[in-house]
Amino acid sequence: MPTPPSVFVAVCPPSSPLTAFLAQAGPRLGGAWACERVTTLADAVKRAAQGGVQAVLLDGGAPEALGPDPIRRLRAQVPAVPVVMITPSFREDHDGAWLQQGAQDVISLEELREEPARLDRALRHALARQRADQHTLHLASFPEYHPYPVIELDLAGAVTYLNAAARARWPELAAGATQHAALDGAQEAGTALQHSNQPVVTRELAVGDRMFEQHLWLTAETHQLRAELIDITQRKQTEHLKDEFLSTVSHELRTPLATIKEFIGIVSDQLAGPVSPPQQEYLMIIKTNIARLERMINDLLDMAKIEAGSVFLAKEFVRVAPLLSHVLESLRPLAHTKQIELSSDAPEGVQTVFADADKITQVFINLVGNAIKFTPGPGRVVISVEDLENELTFHVADTGIGIEPENLPRLFEKFQQFHQVRGETGSKGTGLGLAICKRFVELHGGKIWAESNVGPGTTFSFTLPKYNVEEVLTDYLRSGLAQAKRHQRAFSILGVAIDEFDALKKRVGVEGTGQLLKAVELDVKQTVRRRAGDVVVRWQHGELIVIMADVDRAGCRIIADRVRSAISGRTYDIGSATCQVGVRVTSATYPEDAMDPEGLLRLVEERLGHAAGPAPRLLVVDDEPKARQMLKEMLELHGLEVLTAASGPEALEELKVQAVDLILLDVLMPVMDGYQLYHLLKEHPRTTHVPIIMVTGGGDRPDRALGLEAPTYNYVTKPVRVDELLQKIRVALSATPPPT
Ligand code: ADP
């Protein structure tokens, strides 16, 4: 069964060659796309804002396209919709400008005429890339008319921009006078973000008795911090009430029900004395109704949880075939009693989805259960699967009583029941099943629909997107790391970056780059898979991240070397050309390098950013906040990564979770002075090899105080001279053996 066509809007004047082309080529798009033509950008925006539009096609020959920044204007107003530019003729130099404005692809009309199928491909690719770019998309969107306050700060925390909502809300900020309390900490977040490619930080802030959600991101172009504040006070209060209600209800209803079930079981099993046949029959009726009550409570609770926003997906890679056979097996007895043949034509073992297996099973159980319920026997229920480019589509088709067309639009709303199932009191539902299915499918980013005629049966279909790599990466990283922690195993990620990616992209074009990335990805997967278990990849700016459960630092090194030599030695065919690429490969391992997924990812991204290799990480221990901050900023300026601790005990805590390459230790500190800490660090196996530079008040010689042979690099005196310190750090670092 086909999926409904996706819609694209084409902005072109009635008499343009593109209009003629679209009129001709429409049927050749294979029914996958429906084109809606408009003449102005404003109309395109209006149409796209109504929703249901997957892409916009802009005719480069149209007067509209000749205005200033047409694509930027489109993207600013409907940022979620990718734009494909159709130029009258092929001009490489110009294409770059369109791409820079935010076009997902640029094709010339000549190219399209030569190969009309290219349009379908370009539209699909635009969609896929758009999905991958979702993070960066925020950056380009125009915040002025955003209903929520948007505040832009520079990294020092000074306000540089307020949108209309923010100006209205905080006039004092608009006047540049004071910073609002909600922005405290933005500077700190800014410093953190400076070292991160992760654009978004979301956190909740309490300001007086109100709650705000603050999204912070670093704008790519200006390197300014943008803070968006959403007042969530009311939402929080409601959530709290709902949560409370939910847990009370679930407990209060389920507990007595479980007890009733238990004792009915005891009676009907005759453990409490003999039961007559009529009594047995009545007990059966009680049991059936208890089962129904249980289903209703579960449905109600599911729905309430969904509405309270407290349903979370536990996603993993799920093989479709076993999931389907589990569904079929559990419903087969029911189907059998009604003489309904139950089958699946899903090809064995092909597809995998990244989904919450329990939720998807529940969707199937609901759909197949309904199909059996509303099909008088003898009949048939068939599950089938379509493997499309971006998604899998599942169909559950029955030969049952069907649904009247006028009822179809309300089908997925709550408490809708259109048929009375006679004589089957036990199977009567709550009218919530389909509403829950819809929410579960949508939580996965899919859609669900039904097609039916009265009589010849009904087909329910739903899609699950093939995985969005960015999302898989975060989910997978989080759950992989949690497992590694639980089982005390190592966990690593490997980063692979193509050298001079931007230049390469220019040279081989968008299509060529796509092909090249695919080929490199395949090579990496093959090289890695030989050794490690699971591989997830993402390409962003020519970078690829591989997740390797159960691989330690040493293992990572071996794999990294192998990947490097596998790719660097190869010549890739891309279309008519060939090309060779150089790659940088780097890795980060739990627990040595970082303790959390973000830390690992950040480290790999940073290390990839520096072609020369990872930045050494220093710990600065100083009780004096100003001195600490000054050293940190100064060293970071020179490309070092700097952690800080305000005391000896804090340093020891920090070192339990973070590995560092060098420690800068202030001698004069309260509680535990530098000398005491020095000894503790040297005694501990984790830190014994880490070089330490003492920072003394001047005059005294720490080596003497420590009773050490005096290597000349191990102390500097305050006030610290930058070049001297850097020189000593360089020497100390080059003298340490690389960690193994
Ligand atoms: P219920 O718990 O009543 O089954 P659902 O939300 O699952 O609630 O279904 C809502 C209504 O949709 C059903 O009561 C029935 O009228 C109709 N329906 C669902 N599936 C089918 C089907 N396969 N064939 C015919 N009607 C169906």
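The values are calculated or read from the model by the stated rules, or taken from the named source; none is laboratory data. Since the structure is predicted, the reported quantities are computational estimates derived from the model, not experimental observations. FYI the Cβ positions are ideal-geometry reconstructions off the backbone, even for glycines, and counts take in every protein chain you see. All accessible areas refer to the heavy atoms of the entire protein, side chains included, with ligands and DNA or RNA removed. Shrake-Rupley method; radii C 1.70, N 1.55, O 1.52, S 1.80 Å.
Below is a table of values for the structure above.
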item: Accessible area of HIS689 in the full protein assembly, 1.4 Å probe (Å², nearest 10); result: 140
item: Contour minus Cα-Cα distance for GLU329 and ASN453 (0.36 nm per residue); result: 41.8 nm
item: Ordering of 363-369, 70-76 by packing [mean C-beta count within 10 Å, highest first]; result: 363-369, 70-76
item: Charge tally in the Cβ shell below 13 Å around ALA397, where Lys, Arg are +1 and Asp, Glu are -1, ALA397 excluded; result: -4
item: Other-chain or far-sequence residues with amide H under 5 Å of VAL642's (modelled H); result: LEU618
item: Sequence-distant lysines (8 or more away, or on other chains) whose Cα lies within less than 20 Å of LYS728; result: LYS632, LYS682, LYS718
item: Label point distance in nm, LEU443-HIS251, each placed 7 Å from Cα along Cα→Cβ; result: 2.2
item: Rounded if a/c under 1.5, otherwise prolate or oblate - segment 290-439, Cα gyration tensor axes; result: oblate
item: Subset of LYS305/LYS438; LYS505/LYS525; LYS359/LYS485 violating a 24 Å alpha-carbon distance limit; result: LYS359/LYS485
item: Spacing of the two label points (7 Å from each Cα toward its C-beta) at GLU239 and ARG617, in nm; result: 3.0
item: Probe 1.4 Å - accessible area at MET672, Å² to nearest ten; result: 30
item: Accessible-area order (highest first, 1.4 angstrom probe) of the listed residues THR688, THR19; result: THR688, THR19
item: Solvent accessible area, Å² - PHE312, 1.4 Å probe, full protein context; result: 150
item: Under 14 Å, Cβ to Cβ, from ILE260 - net charge with Lys/Arg +1 and Asp/Glu -1; result: +1
